[in-house]
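What follows is one structure encoded as structure tokens, with my remarks underneath.
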Amino acid sequence: MSTKRPQLHEKHLQSGADFTDFGGWDMPVSFDSIQTEHAAVRDSVGIFDVSHMGEVTVSGPEAAELMNRLTTNDVTALDPGDAQYACILAEDGTIIDDTVVYFQPDGEEYLFIPNAGNDKAMVNHWTDHAAANNLDATVANRTQDLGMFAVQGPDAVEYVQAAAADSLEDVSRFSTRETSIDGADCLAARTGYTGEDGFELIFDADDSEMIWDAFDDVQPCGLGARDTLRLEAGLLLSGQDFHPEDEPRTPYEARLGFVVDSSKPFFVGQEALRDADNPDELLIGLELQERGVPRHGYPILHDGEQVGHVTSGTMSPTLEVPIALGYVDAAYVDEGTSLGVEVRNRTVAATVVSHRFLQEHRE
């Protein structure tokens, strides 16, 4: 399968960005150092090209019914211009993907965002389910047609407002507004994946350079900083913190039960979740007490016995300590519990903390 490239691949290459393969896309991993980009977002503002994310639209008389059957949250609660976070489940209740669902401001269609490389599978999933249940809905893969940038940080709203033709400062969290930037139409969504305020901008891919250049005084950031930022915020990474085959997890195991609306008449995986809200294993946050970077797959220990494993880990640029997400037996999830992480054949002392590392630090 050939590697895909964002519209601005050549521009990023000329700017000196380093690249990595992610979900079948050749994407910038960094423009400067990851530490510089991370600090820009935490302290001021940074911009990410996240055009590798999928974009799928669903329209038609029974679009809401189809969306509600295939996502865990309740799309009927959305007014035009609203958004919500949700999971997409297999029949056994495990997470296939997570997504943000937008009810377009015109009230005519839904747009949802599968993770990189999952767009075709999700289109097939939606199309097959609609056909099997005789639902009148049209599903379209817009991933190649649309671009997406994330402008994030405490100063992000100010920068986006300065570039936009319409007032955006009053757009609330998980809401959207249509606007234009340098004459290019875009959807400005008050969403993000960094733990900071900001907007994600969705637009015609042909307008990518025009919109990117409107933020030429903003620090460009790559996937390296995006990963350290999301991990500090305790935000899960599809394919790593959960995966339908390698890391099958229910929303309750992954502490995503807040996006499961069990009062809905039906959604795929609902029956399997009925007795799954008290799981044997749970996601935790870990802070290491000694030097050593916890990596994906490293064993988590209690008194020398493995009780879980790491799914994501890094040296936190903000907290300046090693942090990790992982799953452990439910007996060891209380904050303050002393555990260990096996790092290169030695046990490094660790303490269970809130997986919302940044939030706890700021409080």
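Name the single residue that is surrounded by the most Cβ atoms within 10 Å (Cβ to Cβ) among those in segment 91-111 being within 25 Å of residue 253 (Cβ to Cβ) and without any contact (Cβ under 8 Å) to a residue 60 or more places away in the chain.
Start the filter on segment 91-111 by keeping residues that are within 25 Å of residue 253 (Cβ to Cβ), which leaves 91-101.
Okay, now just the ones that are also without any contact (Cβ under 8 Å) to a residue 60 or more places away in the chain, so 99, 101.
Working: 99: 26, 101: 22.
Ranking the candidates gives 99 first.
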_Between a residue in segment 35-47 that is within 15 Å of residue 193 (Cα to Cα) and any residue that is among the aliphatic types (A, V, I, L, M) and not in a helix (DSSP H, G or I), which pairs come within a Cβ distance under 6 Å, given they are 6 or more apart or on different chains?_
45/218; 47/151; 47/218
*Hey, among the residues in segment 273-301 that are touching a Phe, Trp or Tyr at 6+ places or on another chain (Cβ under 6 Å) and free of Cβ contacts under 8 Å to residues at least 60 places away in the same chain, which one's least open to solvent (accessible area, probe 1.4 Å)?*
279
*Consider residue 57 against the criteria (1) surrounded by fewer than 21 Cβ atoms within 10 Å (Cβ to Cβ); (2) in contact with an Asp or Glu (Cβ under 9 Å, 6 or more places away or on another chain); (3) more than 24 Å from residue 259 (Cβ to Cβ): it satisfies all of them except one. Which criterion is unmet?*
(3)
*Do we have residue 224 as touching a residue at least 40 places away in the same chain (Cβ under 8 Å), outside any loop (DSSP other than H, G, I, E, B), of a type outside the set (Asp, Glu) and touching a His at 6+ places or on another chain (Cβ under 9 Å) here?*
yes
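Let me confirm something: among 335, 342, which residue is open to solvent by 60 Å² or more (accessible area, probe 1.4 Å) and without any contact (Cβ under 8 Å) to a residue 24 or more places away in the chain? Steps first, answer last, please.
Values: 342 fails: without any contact (Cβ under 8 Å) to a residue 24 or more places away in the chain.
When all the criteria are applied, what remains is 335.
Conditions (1) out of contact with any Lys or Arg (no Cβ under 7 Å at 6 or more places or on another chain); (2) within 15 Å of residue 268 (Cβ to Cβ); (3) in a loop (DSSP other than H, G, I, E, B); (4) of a type outside the set (S, T, N, Q), marked per residue:
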{"position": "79", "(1), (2), (3), (4)": "yes, no, yes, yes"}
{"position": "88", "(1), (2), (3), (4)": "yes, yes, no, yes"}
{"position": "97", "(1), (2), (3), (4)": "yes, yes, no, yes"}
{"position": "100", "(1), (2), (3), (4)": "yes, no, no, yes"}
{"position": "107", "(1), (2), (3), (4)": "yes, no, yes, yes"}
{"position": "110", "(1), (2), (3), (4)": "yes, no, no, yes"}
{"position": "116", "(1), (2), (3), (4)": "yes, no, yes, yes"}
_Any residue that is surrounded by 16 or more Cβ atoms within 10 Å (Cβ to Cβ), within 30 Å of residue 186 (Cβ to Cβ), touching a residue at least 60 places away in the same chain (Cβ under 8 Å) and not charged (D, E, K, R) - is there at least one of those in segment 251-264?_
yes
*Which number in (1) among the polar types (S, T, N, Q); (2) without any contact (Cβ under 8 Å) to a residue 12 or more places away in the chain; (3) within 28 Å of residue 357 (Cβ to Cβ) marks the one condition that residue 167 misses?*
(3)
*Total residues in segment 78-90, condition more than 21 Å from residue 241 (Cβ to Cβ) and in contact (Cβ under 8 Å) with a residue 60 or more places away in the chain*: 3
*Can you work out which of the residues in segment 140-175 that are of a type in the set (D, E, K, R) and more than 13 Å from residue 45 (Cα to Cα) is nearest to the chain's Cα centre (by Cα)?*
173
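The values are calculated or read from the model by the stated rules, or taken from the named source; none is laboratory data. No experiment lies behind these values; they were computed from the predicted model shown. Ideal geometry is used to build each Cβ from the backbone, glycine not excepted, and the neighbour counts take in all protein chains shown. All accessible areas refer to the heavy atoms of the entire protein, side chains included, with ligands and DNA or RNA removed. Shrake-Rupley method; radii C 1.70, N 1.55, O 1.52, S 1.80 Å.
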